[in-house]
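A short worksheet on the structure shown next.
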Amino acid sequence: MSGKPILTLNQFMRRGQVLAQYRSFLRTARKLPGGERSEIEELVKYDFRANAKVPASDEEQVKALLQYGERMLKELKQNVDLATA
């Protein structure tokens, strides 16, 4: 048996939401020109790694981070639309 804790259904579903949000950030950043793209990708990776330490059992914190991520993703999409217009 591995040392990883078993996730509840809600925790498992939130994990999927986190991964989907991460992919959305990277897909959106991919639309930017070279230098800006790599800078945004590094920031996204750094933030997600830093927040990976939040335990899945702290569902309120995970939910709050997801909501914050949604706001930041919306802002990034608006900025990408302006930069590529």
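The values are calculated or read from the model by the stated rules, or taken from the named source; none is laboratory data. For clarity, every value in this text was computed on a predicted model and none was experimentally measured. Cβ: placed from backbone, ideal geometry, glycine included. Neighbour counts: every protein chain shown.
What to note about this one:
- Remark: pairs (first residue in region 57-70, of a type outside the set (S, T, N, Q); second residue in a loop (DSSP other than H, G, I, E, B); Cβ separation under 9 Å; 6+ apart in sequence or on different chains) = 59/8; 62/54; 62/55; 62/56; 65/54.
Yes/no matrix, rows are residues, columns are (1) surrounded by 10 or more Cβ atoms within 10 Å (Cβ to Cβ); (2) at positive phi; (3) modelled with pLDDT under 95:
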residue	(1), (2), (3)
6	no, no, yes
14	yes, no, no
33	no, no, yes
37	yes, no, yes
47	yes, no, no
50	no, no, no
62	yes, no, no
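- Subset tally (residues that are over 15 Å from the mean Cα position of the chain (by Cα) and of a type outside the set (Val, Ile, Thr)) for region 57-85: 10
- Residues in region 21-36 that are among the charged types (D, E, K, R) and in contact (Cβ under 8 Å) with a residue 12 or more places away in the chain were compared, and the one that is nearest to residue 80 (Cα to Cα) is 31.
- Matching residues, region 1-25, being out of contact with any helix residue (DSSP H, G or I) (no Cβ under 8 Å at 6 or more places or on another chain) and among the aliphatic types (A, V, I, L, M): 1, 6, 9, 13, 19, 20
- Members of region 25-39 found to be within 14 Å of residue 78 (Cα to Cα) and either part of a helix (DSSP H, G or I) or touching a Cys at 6+ places or on another chain (Cβ under 8 Å) (or both), listed by number: 25, 27, 28, 29
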